[in-house]
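Comments concern the structure below.
Rule-based calculations on the coordinates, nothing more; no lab input. From a predicted model like this one, the values you see are computed outputs, not experimental measurements.
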């Protein structure tokens with residue numbers, strides 16, 4: 001038996017929200033590592049290895065933030081699709097009060 005469209009949208013939205021939470025954790029971890037590396041550089045001085053590590057951490061943080069933006073866009077699309085689906089079934093326009 002095929003999964004109803006609304007249920008499919010809710011499942012997809014749940015999966016996206018889960019990915020978003022994992023992405024937030026990755027960002028937080030990268031922020032913490034970068035802060036520690038910068039503090040270490042401040043106290044112990046600049047070295048080529050430390051400079052390279054800080055650049056890699058900044059790249060990882062940036063990639064994590066970009067991933068979150070993509071997930072947010074996907075979530076917005078799914079929320080819109082779900083609202084349109086619900087509206088089509090009720091005959092109301094999105095944003096109408098009940």
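What to note about this one:
- Max mean-square fluctuation residue, GNM over the chain, Cα-Cα springs under 10 Å, options 30, 70, 88: 88
- Over all Cα atoms in segment 5-75, the spread is summed up by Rg and Dmax: 16.7, 58 Å.
- Relative contact order of the chain, defined on C-alpha pairs under 8 angstrom at six or more residues apart (%): 42
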